[in-house]
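S.K.: Dumping the structure here so I can ask a few things about it.
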Amino acid sequence: MKKILLALATASALITLPVSAADYVLDDKGAHAFINFKIKHLGYSWLTGRFNTFTGTFNYDAAKVAETKIVVDIDPASIDSNHAERDRHLKGPEFLNVRKFGKAKFVSTKVSDKGNNQLEVVGDLTLLGVTKSIVINAEKIGEGKDPWGGYRAGFSGTSRIGLKEFGMEESLGPASTHVDLELHIEGIRQ
């Protein structure tokens, strides 16, 4: 009888525990997550590229969006603008200074549900040893089972950062003071 009562007490305690958000890992290995950028080149055209190496995690519960936490580590040396000479320049001391600062990081501090799958993600971006708060305007693309027996959630977002804010030179002209970030994130539930 004691065993039955103990089992019932344990079961009822588990039933009343709050459901927590699911944990996800970014699907960077399957190339289903992207961190892209663009900046005007001398005000005449766009220079575009991406970061090829990054890892990250997030937790998410559609019923408790405000409790979402996101952490992404980026390897600045993985910058890829489809031009090796330009990439060497971007990795140098004028821009990303990857020898001195081998890691960039984003950590969310607040996530707000704006309705209609629109989210506002506020967080700290650390780049070149400088940490600044940025805002990412995001959209939940969808979530559900994948063909391999897993479960995924996907989001996209945009943000804009100033070169000077992170100590980079503004040597591409007055129209090229900010970088636009475009994020496409697909996470696999753990």
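S.K.: Identify all residues within the range 178-190 that are farther than 13 Å from THR158 by Cα and either hydrophobic (A, V, I, L, M, F, W, C) or not in a strand (DSSP E or B) (or both); write none if there are none.
M.R.: Within the range 178-190, ILE188, GLN190 qualify.
S.K.: Those residues that are open to solvent by 70 Å² or more (accessible area, probe 1.4 Å) and in a strand (DSSP E or B), I need them from the range 159-177; list them, please.
M.R.: Within the range 159-177, just ARG160 meets the criteria.
S.K.: In the list SER133, SER156, which residue meets the criterion of being out of contact with any Lys or Arg (no Cβ under 8 Å at 6 or more places or on another chain), surrounded by 16 or more Cβ atoms within 10 Å (Cβ to Cβ) and among the hydroxyl-bearing types (Ser, Thr, Tyr)?
M.R.: SER156
S.K.: Quickly run through the range 97-125 and pick out the residues that are under 22 Å from ILE39 (Cα atoms) and more than 18 Å from the chain's Cα centre (by Cα).
M.R.: Selection gives ASN97, VAL98, PHE101.
S.K.: What number goes with the only condition from (1) modelled with pLDDT under 95; (2) in contact with a helix residue (DSSP H, G or I) (Cβ under 6 Å, 6 or more places away or on another chain) that THR53 does not pass?
M.R.: Going through the list (1) modelled with pLDDT under 95; (2) in contact with a helix residue (DSSP H, G or I) (Cβ under 6 Å, 6 or more places away or on another chain), THR53 breaks only (1).
S.K.: Kindly indicate which of LYS145, LYS132, LYS140, LYS110 is under 22 Å from GLY30 (Cβ atoms), touching a helix residue (DSSP H, G or I) at 6+ places or on another chain (Cβ under 9 Å) and basic (Lys, Arg).
M.R.: The match here is LYS140.
S.K.: Give the range 54-83 a look and list any residue that's under 12 Å from the mean Cα position of the chain (by Cα), among the β-branched types (Val, Ile, Thr) and over 25 Å from GLN118 (Cβ atoms), or say none.
M.R.: Passing the criteria: only THR55.
The values are calculated or read from the model by the stated rules, or taken from the named source; none is laboratory data. On a predicted model such as this, the values are computed, not experimentally measured, just so you know. Glycine gets a Cβ as well: all are built from the backbone with ideal geometry, and neighbour counts include every protein chain shown. Protein only, heavy atoms only, side chains kept; ligands, DNA and RNA dropped before computing areas. Shrake-Rupley method; radii C 1.70, N 1.55, O 1.52, S 1.80 Å.
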